[in-house]
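Remarks on the structure that follows.
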Amino acid sequence: MPKFDVTRPRQTITAGLILVMVISQGVFIPAWAGEDLLSLADPPAGWTVAEPPRGAQGHELFTVINGGAELYVRLGFARAVFASYQNPAGKSINLEIYQMNSPKLAQEVYTRKVGDKGQPADFGAAALFEDYYLNFYKGPYQVTISGYDTDKQTVEGIFTLAGLVDRRLPNP
Amino acid sequence: MKKLSRRSFLKKTAAAGAVTLAGEKAIRSLWGRPALLQAAGLSDIAAVKGRDYSAGTRLAVEKVGGIQAFVRAGDRVGLLVNSPFKNFGASVNPDITVAVIKLCAEAGAREIRYLKDPHKGYWGRSDAAAKHSEELKLVKYESGNRREIEIAGAVKLKDAKVTEDLFDCDTFINVSIAKHHKGVHFSGSLKNMMGLCPFSTNSYFHFGGELEFGFYGDVDHLSQCIADLNLVRKPDLCIADATVVITENGPYGPGSLFKPQRVVAATNAVSMDAYCCRLLGHQPVDILAIPKAAKHNLGSMDLDQLRISEVEL
């Protein structure tokens with residue numbers, strides 16, 4: 001095999017082109033390792049996992065949330081995790097964490113998802129609580145937490161989980 | 001609330017002199033004939049308002065003919081329940097599904113099968129499900145087998161893959177939720193049929209159009225495919241959950257809730273959707289799948305020509 005000599009322009013240029021081609025084929029992009037995202041979904045105290053955390057990335061999101069995926073995929077979505085929790089009283093809450101391709105896109109998703117009613121809450125960069133569900137975003141992450149009623153226990157569970165997830169998410 | 005027994009129903013109708021009845025076939029012959037339905041005390045569409053969704057389901061079915069008009073003893077029943085979404089107001093309330101299953105069992109069905117399995121955790125939200133857990137265990141899950149079929153009379157969806165179980169049941173009951181849908185604005189009985197198809201078929205609904213690319217890029221195409229899919233098999237009975245439903249971010253939610261607190265029964269999906277979409281502020285003509293399905297002769301969207309019963313528990 002001929003020795004590579006950086007002082008020879010043709011070899012350097014060729015090596016550079018090969019490197020660009022390899023990178024563009026995604027060889028250096030790591031496969032989705034969802035463990036870091038899944039670890040964000042550990043249950044809050046007093047709640048147990050009703051359904052184990054499940055991940056999705058890219059167009060796979062359509063098979064998980066059907067047409068609900070349109071907004072995320074269209075804007076630029078990387079991956080997501082879903083989980084459900086239950087407390088001893090039988091209350092249930094659901095967690096959805098979406099990692100968008102940039103903080104700006106997470107903000108865009110958040111803005112489109114929230115209604116014009118609801119109360120602001122102190123999570124992430126912005127948060128809104130509406131009856132039985134809460135949305136917020138932080139960095140490239142958009143988070144939705146929802147229950148099945150507006151009972152005090154459910155609402156407390158939603159807020160507790162939101163606080164936990166907010167603390168676990170990396171600061172932008 | 002007075003229950004109408006089969007014997008008193010027959011007596012009442014004979015006394016009215018409307019028709020000579022011969023059981024379920026005679027009841028079915030009344031649908032779409034408001035005057036005769038009225039004389040028989042029945043309706044094409046029945047909406048029951050109240051917070052007891054189980055009782056509401058039973059009364060709604062009674063008012064369109066009673067479960068015996070749809071399920072005969074020994075029948076295999078296929079249930080298509082819109083239950084894949086976890087969020088509140090996005091899937092059929094489990095209490096309604098339990099009521100339908102119990103009605104079928106009481107009518108003597110020998111098999112009840114989901115045509116699409118409910119999502120994991122679905123039954124956990126229902127006290128009625130907890131009370132009837134033994135009966136629910138008898139309901140079979142979808143087989144997972146699919147049949148590739150050509151759809152005669154279709155405009156766009158010339159062929160599709162559909163769950164094999166649809167063709168193996170004697171009675172098909174469509175149990176939907178009347179809710180917001182981001183793409184087609186309203187999702188009800190007609191759209192619920194997409195639950196019979198795998199993602200590969202449903203992808204054509206969303207991406208097979210000619211307009212702007214996107215999941216909801218070509219709403220006309222999507223609506224036509226929904227109408228075409230309904231040609232595969234008409235449900236024998238339609239039940240709609242119009243109790244607590246999302247009015248935004250459909251089909252998945254979560255979103256603002258609207259609470260009409262109604263359970264609705266109807267004898268076809270077109271009339272059902274024409275009635276239910278109005279509860280959410282739409283006109284039937286504006287929900288494209290409805291006129292397209294009406295054009296396929298799958299039911300009437302002209303509510304003025306139908307007998308509609310609206311009662312409160």
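Looking for something in contact with a helix residue (DSSP H, G or I) (Cβ under 8 Å, 6 or more places away or on another chain) and modelled with pLDDT under 80 - is there at least one such residue anywhere in segment A:11-28?
Let us first name the residues in segment A:11-28 that are in contact with a helix residue (DSSP H, G or I) (Cβ under 8 Å, 6 or more places away or on another chain), namely A:28.
Subset that is modelled with pLDDT under 80: A:28.
Yes: one or more hits.
Just need a number here: residues in segment B:244-296 that are more than 23 Å from B:VAL232 (Cβ to Cβ), of a type in the set (Lys, Arg) and touching a residue at least 60 places away in the same chain (Cβ under 8 Å). Break it down into steps so the answer makes sense when it comes.
First, the residues of segment B:244-296 that are more than 23 Å from B:VAL232 (Cβ to Cβ): B:244-250, B:252-263, B:278-283, B:285-286.
Cutting the leftovers down to of a type in the set (Lys, Arg) gives us B:259, B:262, B:278.
Subset that is touching a residue at least 60 places away in the same chain (Cβ under 8 Å): B:262.
Here the count works out to 1.
Of the residues that sit in segment B:179-206 and are of a type outside the set (Lys, Arg) and within 14 Å of B:VAL81 (Cβ to Cβ), which one is farthest from the other protein chains (Cβ to nearest Cβ)? Step through it out loud before you land on a result.
Step one: of segment B:179-206, the residues of a type outside the set (Lys, Arg) are B:180-181, B:183-190, B:192-206.
Now drop any that are not within 14 Å of B:VAL81 (Cβ to Cβ), which leaves B:187-189, B:192-196.
Working: B:SER187: 9, B:GLY188: 15, B:SER189: 17, B:ASN192: 12, B:MET193: 14, B:MET194: 9, B:GLY195: 10, B:LEU196: 14 Å.
Ranking the candidates gives B:SER189 first.
Yes/no matrix, rows are residues, columns are (1) within 14 Å of chain A (Cβ to nearest Cβ); (2) closer than 22 Å to B:ALA129 by Cα; (3) acidic (Asp, Glu); (4) free of Cβ contacts under 8 Å to residues at least 60 places away in the same chain:
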residue: B:TRP31; (1), (2), (3), (4): no, no, no, no
residue: B:SER43; (1), (2), (3), (4): no, no, no, no
residue: B:GLY50; (1), (2), (3), (4): no, yes, no, no
residue: B:THR57; (1), (2), (3), (4): no, yes, no, no
residue: B:PHE70; (1), (2), (3), (4): no, no, no, no
residue: B:ASN82; (1), (2), (3), (4): yes, yes, no, no
residue: B:ASN87; (1), (2), (3), (4): yes, yes, no, no
residue: B:PRO94; (1), (2), (3), (4): yes, yes, no, yes
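What residue, of B:LEU257, B:LEU231, B:LEU279, is open to solvent by 20 Å² or more (accessible area, probe 1.4 Å) and within 14 Å of chain A (Cβ to nearest Cβ)?
Working: B:LEU231 fails: within 14 Å of chain A (Cβ to nearest Cβ); B:LEU279 fails: within 14 Å of chain A (Cβ to nearest Cβ).
Unique residue meeting the criteria: B:LEU257.
Mind checking whether some residue in segment B:295-308 is within 14 Å of B:SER189 (Cα to Cα), within 13 Å of chain A (Cβ to nearest Cβ) and among the hydrophobic types (A, V, I, L, M, F, W, C)?
First, pick out the residues of segment B:295-308 that are within 14 Å of B:SER189 (Cα to Cα): B:298-301.
Narrowing further to those that are within 13 Å of chain A (Cβ to nearest Cβ): none.
Looking through segment B:295-308, none of the residues is within 14 Å of B:SER189 (Cα to Cα), within 13 Å of chain A (Cβ to nearest Cβ) and among the hydrophobic types (A, V, I, L, M, F, W, C).
Hey, can you tell me all the residues within segment A:64-78 that are more than 7 Å from every other protein chain (Cβ to nearest Cβ), within 18 Å of A:ARG54 (Cβ to Cβ) and not small (Gly, Ala, Ser)?
Passing the criteria: A:VAL64, A:TYR72, A:VAL73, A:PHE77.
Yes or no: A:PRO88 more than 27 Å from A:ALA125 (Cα to Cα), more than 10 Å from every other protein chain (Cβ to nearest Cβ) and open to solvent by 10 Å² or more (accessible area, probe 1.4 Å)? Explain how you work it out, then say what you get.
Details: more than 27 Å from A:ALA125 (Cα to Cα): yes; more than 10 Å from every other protein chain (Cβ to nearest Cβ): yes; open to solvent by 10 Å² or more (accessible area, probe 1.4 Å): yes.
It is true that A:PRO88 is more than 27 Å from A:ALA125 (Cα to Cα), more than 10 Å from every other protein chain (Cβ to nearest Cβ) and open to solvent by 10 Å² or more (accessible area, probe 1.4 Å).
Given (1) modelled with pLDDT of 95 or more; (2) within 14 Å of chain A (Cβ to nearest Cβ), identify the lone condition not met by B:PRO251.
Among (1) modelled with pLDDT of 95 or more; (2) within 14 Å of chain A (Cβ to nearest Cβ), the lone unmet condition for B:PRO251 is (1).
Testing B:GLY250 on (1) open to solvent by less than 10 Å² (accessible area, probe 1.4 Å); (2) more than 14 Å from B:VAL184 (Cβ to Cβ); (3) in contact with a strand residue (DSSP E or B) (Cβ under 8 Å, 6 or more places away or on another chain), one condition comes back false. Which one is that?
Single failed check for B:GLY250: (2).
With the structure loaded, tell me whether B:ASP302 is among the acidic types (Asp, Glu) and either in contact (Cβ under 8 Å) with a residue 60 or more places away in the chain or under 30 Å from A:TYR72 (Cα atoms) (or both) or whether it fails that test.
Working: among the acidic types (Asp, Glu): yes; either in contact (Cβ under 8 Å) with a residue 60 or more places away in the chain or under 30 Å from A:TYR72 (Cα atoms) (or both): no.
Against the criterion (among the acidic types (Asp, Glu) and either in contact (Cβ under 8 Å) with a residue 60 or more places away in the chain or under 30 Å from A:TYR72 (Cα atoms) (or both)), B:ASP302 does not qualify.
Does at least one position in segment A:117-140 carry a residue that is modelled with pLDDT under 95, surrounded by fewer than 18 Cβ atoms within 10 Å (Cβ to Cβ), basic (Lys, Arg) and touching a strand residue (DSSP E or B) at 6+ places or on another chain (Cβ under 8 Å)?
Taking every residue of segment A:117-140 in turn, at least one turns out to be modelled with pLDDT under 95, surrounded by fewer than 18 Cβ atoms within 10 Å (Cβ to Cβ), basic (Lys, Arg) and touching a strand residue (DSSP E or B) at 6+ places or on another chain (Cβ under 8 Å).
The values are calculated or read from the model by the stated rules, or taken from the named source; none is laboratory data. Source: prediction; values computed, not measured. Every residue, glycine among them, receives a Cβ derived from its backbone with ideal geometry; neighbour counts consider all protein chains shown. These area figures cover heavy atoms from the full protein model, side chains too; ligands, DNA and RNA do not enter into them. Shrake-Rupley method; radii C 1.70, N 1.55, O 1.52, S 1.80 Å.
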